[in-house]
Every structure is written in structure tokens, then in C-alpha cells.
Amino acid sequence: MGISLASKSRLASIEGRVPTVTTLCSHSSLQIFHGARAEGLPSLGLTVGPPQRFYEAFPLARPDRFLSVPRVKDLPTVVDRLRSEGSVLIPHGSFVEYLGPEAFAELDVPVFGNRAVLGWESDRRKEREWLESAGVPMPTRYENEEEVDGPVIVKYYGAKGGKGFFLAKNREALKDFHPTGPYVIQRYVLGTRYYMHFFYSPLSDRGYRVGHGSLELLGMDRRDEANIDELYKLGAQEELLKAGIRPTFVVTGNVPVILRESLLPRAFDVAARIIERSIELFGGMVGPFCVEGIMTEDLEFKVFEISTRIVAGTNLFISGSPYSDLIAPGLSTGRRIAQEINRARHEGRLAEILS
Amino acid sequence: MGISLASKSRLASIEGRVPTVTTLCSHSSLQIFHGARAEGLPSLGLTVGPPQRFYEAFPLARPDRFLSVPRVKDLPTVVDRLRSEGSVLIPHGSFVEYLGPEAFAELDVPVFGNRAVLGWESDRRKEREWLESAGVPMPTRYENEEEVDGPVIVKYYGAKGGKGFFLAKNREALKDFHPTGPYVIQRYVLGTRYYMHFFYSPLSDRGYRVGHGSLELLGMDRRDEANIDELYKLGAQEELLKAGIRPTFVVTGNVPVILRESLLPRAFDVAARIIERSIELFGGMVGPFCVEGIMTEDLEFKVFEISTRIVAGTNLFISGSPYSDLIAPGLSTGRRIAQEINRARHEGRLAEILS
Amino acid sequence: MGISLASKSRLASIEGRVPTVTTLCSHSSLQIFHGARAEGLPSLGLTVGPPQRFYEAFPLARPDRFLSVPRVKDLPTVVDRLRSEGSVLIPHGSFVEYLGPEAFAELDVPVFGNRAVLGWESDRRKEREWLESAGVPMPTRYENEEEVDGPVIVKYYGAKGGKGFFLAKNREALKDFHPTGPYVIQRYVLGTRYYMHFFYSPLSDRGYRVGHGSLELLGMDRRDEANIDELYKLGAQEELLKAGIRPTFVVTGNVPVILRESLLPRAFDVAARIIERSIELFGGMVGPFCVEGIMTEDLEFKVFEISTRIVAGTNLFISGSPYSDLIAPGLSTGRRIAQEINRARHEGRLAEILS
């Protein structure tokens, strides 16, 4: 038996009934509702204001019902309603960000996964502590400018959406950086980016064993970022800067990728270390998470960030990916979440995957 | 009931019989024939000279029969044959371009969609009038060089294939442009490109309602362009220009992409405006169309062009896309066209989708 | 009847029994085992040291059994075991490279395809002789620096992994190249890269006919390369060089692409020429091969390399591609290999596809 994350009282609202897959209507909600439907679970879409009309265009991904609140911060006021609906909340990046990690953590409704992870992921310093103590290779962090011995990226604390980044090809170029707040200087790792969609099941007793459960790889993407991706078409960055045009790194979409098969062992190894350390630190992560890093020309994989929930890149693989199709045809991350809920329910182990 | 586009005499050739899906063998013809076959419709491939041999390599996409003409301009001479075959012509970019929009519009054979759109799409000024009067956000157009206040792209009128484009990072750089014909200066919008494959069904009475029908999103791609895509590998564009190497923008292929889910509402909104205005201007568009634009770092979507027919990027999604799989598993645009023809036939509404 | 590649004694080990699909656990082995399983063939994974654990994570792609050797060069010592297992070896890039083409060619176990191709592919000069004599368009090769009249790429003989490449935008820039060994200077062709996955079946008597068999197109990808792909994000290459940062071309993964349909005839034509000439030179290629080239702004396709085995880019298409889905739904290259073995077995023609 695994670790119990949820108390009896937390799970009282879904006891003896079919849980309702519930999430905020944004980010990866189409996929989450699509997966719930495919696995026979009811679904509920939370909206701020009236539901977006585009759900009408996707009959296989429209939630069974909607529940609207005037503002995101009114979500805590509908907790009783969510409990009466038998809701299990599926966290995603926008859901947690819009509501705030603290407010999200306090919702008295069953949440898929371990809500203790929120405190570790939302704080960059704690996240780094977690990953470094797990032995995950990360880009060097410089304490001051004198240490810089190669290209760097400078990030402001709490910067959102990639607008506050500054790139410098060496210490010399870093002189053009004039900080307007607290920041960190990291090595800028050259290579190709891979966003790896993993899933950790504490229920599974076969497959790639980690802790009491199993690790799965469900897909891989690369993020589209505006304006950096296509900036080069206009000219050299040095010349563009003179014209007042700066690179930005705002995520707008995703493209599908795969990794060389010979690099999979270290990808699995990194993901396993993250899980193992999460069990030691806070009882473990459950369900989808994403390892985001750069493969260098020396085939070293440097992790620059992790996401401890379903990521938007999984939306590419509504009907399966080159990885998940090796597990079961047509398996999306959204569907995998619904499968895990169903299994836990049938095995009486919901406390191990909900919190 | 919707708008009748086709007269009784135009449809006489297919009355009471199963229509034959007919298109020129190029562009997206494999997908169109594949979709016809999947929906049980016969197909006919029009070829200039003998059929290309590669159709033999794709048994599920080979048309049932071929009809060859010596030159494209001989197509009007086989109109009687096409009527006797019960043909419905499926327009695509190459079909209309090779034959010429005027000659295409005059063919006395049923055409899928509203042939009145041809006059609006083939004239850049009318297209812009249509989109601007629909309230679609587009890149600024400058009347003269003095107005230029940022990066621009200069396009010659009627330039084909993206060879005649000139990019300038500011007004200063524009001085290197020495026109050889009439041109337009547009703001060069920095961001990431999305080519969104929509489908408008005037027959549907459910889903995302627009006009008398419904709007669907079937997929998304990004175009490969030679040589601009990989030009940066050789060096800074400013240095390459000195070596006599200029950027070009010739489409060679496509890659699949998805957009952030939170940006879908404005994508649907833009597409709906285009449809609504088309109904006012010329009786409406029917079937596939593509909205082509750039998502900026501020998450504004600027439309630089639309295609009013099936686009080649849909060829990525022969067996469904991350969007169409939320409507019906394995749905391609080619198959969706065949479904629409079948539905119209069974409901006696062919006049609403053919012209 | 086609060309017999294998002697009776070579095939004695699989006579009258179901062959075991066998390959080295790397590169595209997940796909190969997945395809074998889908077509009902047993599979055996060869490993150096204990099997990688990640196979446990992919139940549909794990081989039925593993056979481990301490070092790659010990593989010849298990030949008797492989024969007793009824193995058919499936070559892939890593399998041949790790073992060495000579050692691979000498293994007395049935190999899928014609092992005579190894001598032609592993020697750049012979490969070029083959392709040029087939009339395949390739980038110009310069005999000396004075001939250079445009951008060039300089490759050292036998350079692996793309680290030893040097790019120069013209003859002037080539002066910065200081050779440390024998090298070749090639025209650097500007455009977009396509890696086309073909399959040649000597057994098929329908489809796109070449020689005694048929040519199929199963997919297309583009390789990810570190660090060149994302190098531009840090600045102009000329400036990066001053900071000691050089471009490298190490393959790390793949992305899916498609080509304009109107360019398929020349893609098939090039692939057919390569097959036809291989029949004349060494009895023909069998099964998967990849044509790797650049489409220019003038829509000319220049081939810079071919791979005469399954390539890693096919791993994108475990459940079918936009091309293979036009042949049979869900067809991967790995599955196509298994189908060919099954067909040859049932028709008593294994000698035509094994060697």
C-alpha cells in the first residue's frame, strides 16, 4: 500500500459515488473533459463568467455541465456546491496560477494529486532545492557577475510569461543588463529543448517501478515562444536591439517532438529521481508532471524547470502520442488521469491519489 | 433554411444520383480522394497529361478514375463530361490558381462552396476590405515610407510564392528597398505563426453557431518556407546580404502545431466575423477556410491572410488532428467535405453548399 | 520472381518456423518490437549489459525476451544462439555503427534486407558514386577552395555526429577554416530539410512499380540538431564566434513534417532511381531507406545523404503518418517490416528479402 494523502473527511463528498472530473475551463480543459468522457466519468467545467462558446464546437470535449463564478477569487465560495457535485479537481497551470497556490491549496474539495507539491513548485528556490537534492542536472547558477564564464540568461524573480528575460552571450554582454529588481543569473545552455510529459502512478505495481508505483512517459513537445522563435527572420539580434526590438519568450503554442531512443534512459532516470525525492520531501507527486530541459551537443540533459501538473503541450496528443501509443492506443494524459481515478475507486485507494 | 447558392439548372447534372468528388490532382487531392472514399463517395481525378504515378503508392487515396486534359486551360472543354460523371468540383489553391479564378468561376459544373468568394479572395484589396469591415485585426498598412515606425514587410502586388518580399527592421533599413513595380508596405508583426483550419457548415444546427450554420476548427499548421526558415544557420542576415544571399519565402511543406487553449476564443471570434461578413457581402463562404496570422508577445492575433478553400496544411491531418479528434475520431478536412455533401444530399439541401 | 539474396544455408535456421524479429536495443527498437507484436511475430532484444529499464514502461513495445552480451563486440559470439532462436536481424543505424559495418556483414544470421548495401553506404565516396550514377541531384562538391562560388559546408571524412562541420557563407569566410585532417567542401544548399521515409518491397506486384517490386512512402521528418537549431536565440553567429561559441549539428530528436503534394513526383522519382541503381550495383536494397535532402526556393530537391535502413525519424509514426495512413491505417515502418517478413514467409520468398 502507498502513502495516504487525503483524510477521510476530505473524501467524504465522493464516497460511494462516481466522482465528477472538474477543472477550470482553460489550459488543457478540453483534453481533461475528453478523457473523462472516454473513461465514462461525468465532468464539470468551472468558468469565470459565462462559458466560452468554443466548447460547443468540440462535442467530445464539452463538459457535461458548467458552473460559473463572477471572478476567479469567488471559486472558494462554491466549495459546498463542488462537494455536492462529487467533484475531484484536476489542477492545471492556469487553474493554480489564476486562483493562487495558497487559495488553491485551501479548497476543501478533493484534488487529483498531492496538493503539498504546490508549495514546492511555486517557489523557485524550493523547487531548485528539491531538484538539486535529487541529483537532477541543472544549468549553473551564478552568485555574481564576476563568476560568469559563458552565455547566461537573467531572470527576474517571479517574472511571468518570459518577458523579463535577458540573454547575454558572455560576461562582456552582461554589462548591458541594468536590473530593475531582484534577479538570478543562470548559465544559458545551448541545445534543443524537450518538454517531457511523465505520469506517476502510485497504484501501479508493474512497469518502470519508482517508489511504490510506476513511471510512464506519455509524450513530448516543444513550446512555441513569441517573439524569440521567429525573431531571426528580421535580422541579427544585435542589430535589432539597436532598433529597439528585444527578444521575448511568451508561450503561444506547442509542436510535437520525439527524442533519440538512446537518450530515454537518462530521461527516465531524471524523472525517477524527481519522484523519489518528492516522496521523501512531501509524500510524493501523483499523476502528470513535465520535465523541461535542454539536450546539449554533448547529449547532456539540463533541466531548467519542472511542472508538477498536466502541461498544455499534452494537448497535442488527444489521440495518443509516439510514446503513449506504446502503452495503449489513443492514450492522452487527460484520459490517463480519468483511468487513474477509476482504478483507485475500484480498488478503494482514492486516498492515495487525491488530497 | 439557409441561402441557396446554386440554381436548379446548375445542379441538374447530379440530381437523383450519387455525386462524384472531383478535383485537380495536386495540392490536397490525396486527402480529398481519401475522404471521399471513407464516406462512400466515388472520386475522379483531373490531370494535366497522364496521371502522376505516385497515386499508385497510396491505395486509400487513389481516385476511382482519372480524366486527363493536355493543358490546364483545356479543362473547360470537358465540362460536359464532368456533368455526365455527376462531378462536384472541390476547389483548392492550385486548382483555382492554375486555371485562373475567372475561368474557374465560369465552369458550368457544381462546385463545392460559394464560387462568389473567388472574386473576393483573388483581389488583395477586396480581401482586405472584407476582413477590415469584419473587424478582423490585421497588420498596419502604411501609405508611404514616412509613416513607417517599426519593422515592415514590403510585398509587390500579385507576387507569387514569396520571392518578392523585402523585410526592413525600421525606416532606416527601408532605404535599401528599390522598387521595381507597385508594392504595399505592411507592419512586420513579430510573433509566432498559426494557420488555422476552419470549416463552416451552413447545414448544421448545433455546435458553435454562426449565421444559419456552425463553425468548426479542424486543425492547425505552420508553413515551411525556403530559404528563410533555415537561413540563420549560415549567419546574420545583414552579413548574408553583403554576400548576395537574400531571404525568400517559398512554401515547401508544413508542420503541425497547436495554440494555447486560452487563445481559442479569439481564434473562433475572428473566424466567425469573417463568415458573418461573407454572408453580408456575397452570400457566405461554405466549407473549409484558413485564417493565417501571427500571435504576438502580447497575445494579440494579427491576420495577414485568409484562404477560402482547403489549404495544404490540412494534409498533416489525414487521420485526425488534436482539434478534429474532439469532434469525431479520425476526421480530416477532406473527409469533412465528403460528409457535408452526403448530408446535403440526404436532406435535399445541395443548393446551399454547392454553386 | 525477384533476386535471391540469401543462400539456403543462411536461411536454414528459420526454415519451417516463425522467425523472431531481433535487433539491438536502441535507435528504433521500440518501434521494431511494437511492429513485430502487432503482426504476431516474436521478438528478441539484444542488449549490451542488462536491458534498459525503460522497456518496462512500454508494454506494447517490450520485446518478448532479451539477450545480453557484455560488450557490443561480443555479439558475434552469440550467433549460434541467435540461429537457434530463429532470429532475423533488423539493422538500424546504431546496430551497424556500434558493431561496425564489416563485423555486421559477417554475422551468420539472416538479416532483413541486403547486407551488400553496407559496403556502399558506409563509404562516403561509394555512396556518392551510387547516387550520382543514378542521376540523383546532389550539392556541388568542390575540388579546391578556388572553385567556391557561394556558401559551403566543410565536412571531415568520417566525422560523426555533426561536430566537425564548418559553414562559410562565401570563399572569403572559408579562409577562417584551418583543416586538421582530410575534408570535403560541398555547396551549402539553402532551403528546408526533408527526411523521407521510403520502403521498397521486392515482393509487391502492385502500387508504384520499381524493378520487380514496389516503392512506398511511409512518412517524413526533420531532425533536431544541437546546438545549431536554437543557436540564433543568443545572437548573430558572427558575434557568437567571437565569444568562442561554434555551431554544432548533433542529432537529438525529430519533428514531423509533410511536403507539398506537388513535389511528391520528384521525391518518388529520386527514390526510384536510387533503387534501380542499387539493383544494378549490388542486387538491390530491400525494406526501409531514407532520402535526406533540401528543398530550395526554386523547388529543386538536393539530396545530401541517404540512409539504407530504418531511420530514427520513423519513431514519430508509431501509429501511422499522413502518408502511411493512405496505405493502411496505423502503419509504422516497424510494422511494415514485420508485414514483409510474414508475406515472404507465406509465399516462400524469404530469400528475396533476407541476406
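The values are calculated or read from the model by the stated rules, or taken from the named source; none is laboratory data. These numbers come from a predicted model, not from an experiment. Positions of Cβ are generated from backbone atoms using ideal geometry, with glycine treated the same way; all protein chains shown enter the neighbour counts.
Of the residues C:Arg266, C:Arg246, the single one that is outside the structural domain of C:Val210 (by TED's automatic domain parsing) and basic (Lys, Arg) is C:Arg246. For residues that are buried (at least 19 other Cβ atoms within 10 Å of the Cβ), outside any helix (DSSP H, G or I) and not hydrophobic (A, V, I, L, M, F, W, C), tally how many sit in segment A:308-355. Number satisfying all stated conditions: 9.
Hey, could you check segment A:164-181 for residues that are assigned to a strand (DSSP E or B) and modelled with pLDDT of 90 or more and say which is nearest to A:Val154 (Cα to Cα)?
Within segment A:164-181, the subset assigned to a strand (DSSP E or B) is A:166-168.
From what is left, the residues that are modelled with pLDDT of 90 or more are A:167-168.
Details: A:Leu167: 6, A:Ala168: 8 Å.
Among residues in segment A:164-181 that are assigned to a strand (DSSP E or B) and modelled with pLDDT of 90 or more, the one nearest to A:Val154 (Cα to Cα) is A:Leu167.
Among the residues making up segment A:16-30, those that are not β-branched (Val, Ile, Thr) and not in a loop (DSSP other than H, G, I, E, B) are A:Leu24, A:Ser29, A:Leu30.
Only a single item in (1) surrounded by fewer than 18 Cβ atoms within 10 Å (Cβ to Cβ); (2) aromatic (Phe, Trp, Tyr); (3) assigned by TED's automatic domain parsing to the domain that holds C:Glu297 is not met by C:Tyr157, and it is number (3). Is it the case, given these coordinates, that C:Arg65 is more than 11 Å from every other protein chain (Cβ to nearest Cβ) and free of Cβ contacts under 8 Å to residues at least 60 places away in the same chain? For C:Arg65, the condition - more than 11 Å from every other protein chain (Cβ to nearest Cβ) and free of Cβ contacts under 8 Å to residues at least 60 places away in the same chain - is met. For C:Arg246, the conditions (1) charged (D, E, K, R); (2) in a loop (DSSP other than H, G, I, E, B); (3) closer than 23 Å to C:Thr140 by Cβ all hold with the exception of (3).
Each row is one residue, and each column tells you yes or no for (1) at the interface with another protein chain (Cβ under 7 Å from one of its Cβ atoms); (2) part of a helix (DSSP H, G or I).
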site	(1), (2)
C:Ser214	no, no
C:Arg222	no, no
C:Asp229	yes, yes
C:Val250	yes, no
C:Gly253	yes, no
C:Asp269	no, yes
C:Arg277	no, yes
C:Glu292	no, no
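C:Arg209 meets the conditions (1) in contact (Cβ under 8 Å) with a residue 40 or more places away in the chain; (2) part of a strand (DSSP E or B); (3) more than 14 Å from chain A (Cβ to nearest Cβ); (4) over 27 Å from B:Arg246 (Cα atoms) in every case but one. The failed one is (1). One residue is enough: does segment B:235-248 have a residue meeting the conditions facing chain C (nearest Cβ under 7 Å), among the charged types (D, E, K, R) and over 24 Å from A:Arg222 (Cα atoms)? Checked segment B:235-248: at least one residue is facing chain C (nearest Cβ under 7 Å), among the charged types (D, E, K, R) and over 24 Å from A:Arg222 (Cα atoms). Among the residues in segment B:118-134, are any among the aromatic types (Phe, Trp, Tyr) and at pLDDT 95 or above? Yes, there is a match, as at least one residue in segment B:118-134 is among the aromatic types (Phe, Trp, Tyr) and at pLDDT 95 or above.
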